[in-house]
Amino acid sequence: MPGLVLRTSTHLIVEFVVVRSWTMQRTMQYARLAQSLVTGRGFSTSTSKSSNDKIVASVVFERLPVVIPKVDPAVYAFQEFSFRWRQQYRREYPEAFLKKSDTRGKGDYQIEFEPAPRITEADKSNNQRSLQRALDRRLYLLLYGPTFASPSGKSVWHFPEKVYASEKTLRECAESALKSVIGDLSHTYFVGNAPMGHIVIQPAEAEQGINSFKRFFFKSQVIATNKFNIKMCEDFVWVTKEELLEHFPEQAEFLNKMIIS
């Protein structure tokens, strides 16, 4: 028995030495790796000047529905069926109890009103520059004018955007892009700090001197206003999702998945 205890203690000492040696080796490996990252690659808060790759921050600026959207016929049929099914098992109250509400006095709080029409003058005239259209749909802002990497500097339809330069974050770059268009961000709300999606743009072969670049999309919403003084563009429109996809046929599949409307 004493011999067994001696052998067990020896084994423990050997295992401790082996584990300690392995730990020291791993620590030295991590130290060399960290040193190589600092000296070889380096850390920086800005993009490298030697890189030709560009990053563009785009803003998907949307107006939420103003009125309750119309109920889908299938959903309406199901709700009607559910109501009739519940009526079969509802509790019946005395008629006198149900008519008590008719005997209550009417006060000033009961105001007669007429609901606003769903179809506005902007809908009738198809005025896409107005926010007073498609009240039960989401609208998105598109600008018309020259933009980064547009073919030969031609005017094209695009989202508010800006090439990332010296901003601390991509969201600040996106805020700067939207501010340059509407002038004030007091009636806007950026949804989160992270982009809602990104895509790598490959310029056409005819466009010499332009490398591929990444476009990051940030979502922002209209808050408590129905008019903006939009500038820095030749034209602008507020369009639904279907109308938006018509302006970007090459990216329609990507935008259809990214924008949930």
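The values are calculated or read from the model by the stated rules, or taken from the named source; none is laboratory data. Bear in mind that the values here come from a model prediction, so they are computed numbers and not experimental data. FYI the Cβ positions are ideal-geometry reconstructions off the backbone, even for glycines, and counts take in every protein chain you see. We work out accessible area using only protein heavy atoms, side chains counted, and drop any ligands, DNA or RNA first. Shrake-Rupley method; radii C 1.70, N 1.55, O 1.52, S 1.80 Å.
Return only the number of the condition from (1) within 18 Å of the chain's Cα centre (by Cα); (2) closer than 21 Å to Asn127 by Cβ; (3) among the hydroxyl-bearing types (Ser, Thr, Tyr) that Tyr144 does not satisfy.
With (1) within 18 Å of the chain's Cα centre (by Cα); (2) closer than 21 Å to Asn127 by Cβ; (3) among the hydroxyl-bearing types (Ser, Thr, Tyr) applied to Tyr144, the lone miss is (1).
Given (1) open to solvent by less than 70 Å² (accessible area, probe 1.4 Å); (2) aliphatic (A, V, I, L, M); (3) touching a residue at least 60 places away in the same chain (Cβ under 8 Å); (4) not in a helix (DSSP H, G or I), where does Met232 come up short, assuming only one miss?
With respect to (1) open to solvent by less than 70 Å² (accessible area, probe 1.4 Å); (2) aliphatic (A, V, I, L, M); (3) touching a residue at least 60 places away in the same chain (Cβ under 8 Å); (4) not in a helix (DSSP H, G or I), Met232 is out only on (1).
If you check Arg215, Arg171, which single one turns out to be part of a helix (DSSP H, G or I) and either of a type outside the set (A, V, I, L, M, F, W, C) or modelled with pLDDT under 95 (or both)?
Arg171
Is it fair to say Phe248 is within 26 Å of Arg133 (Cα to Cα) and crowded, with 16+ Cβ neighbours inside 10 Å?
Considered against the rule, which asks whether it is within 26 Å of Arg133 (Cα to Cα) and crowded, with 16+ Cβ neighbours inside 10 Å, Phe248 comes out as yes.
Any idea which of (1) loosely packed, with under 15 Cβ neighbours inside 10 Å; (2) among the hydroxyl-bearing types (Ser, Thr, Tyr); (3) touching a strand residue (DSSP E or B) at 6+ places or on another chain (Cβ under 8 Å); (4) modelled with pLDDT of 90 or more is the one Thr225 doesn't satisfy?
All conditions are met except number (3).
Inside the stretch 147-188, can you point out the residues that are of a type in the set (S, T, N, Q) and over 20 Å from the mean Cα position of the chain (by Cα)?
The answer is Thr147, Ser150, Ser152, Ser155, Ser166.
Considering only residues that are more than 26 Å from Phe217 (Cβ to Cβ) and among the hydrophobic types (A, V, I, L, M, F, W, C), look in the stretch 117-147 and name the one that is most open to solvent (accessible area, probe 1.4 Å).
Ile119
Looking at the stretch 148-193 only, could you name the residues that are surrounded by fewer than 19 Cβ atoms within 10 Å (Cβ to Cβ) and among the acidic types (Asp, Glu)?
Residues satisfying the conditions are Glu167, Glu172, Asp184.
I'd like the full set of residues that are open to solvent by 30 Å² or more (accessible area, probe 1.4 Å) and touching a helix residue (DSSP H, G or I) at 6+ places or on another chain (Cβ under 8 Å), limited to the stretch 206-222.
Scanning the stretch 206-222 gives Ala206, Glu207, Phe216.
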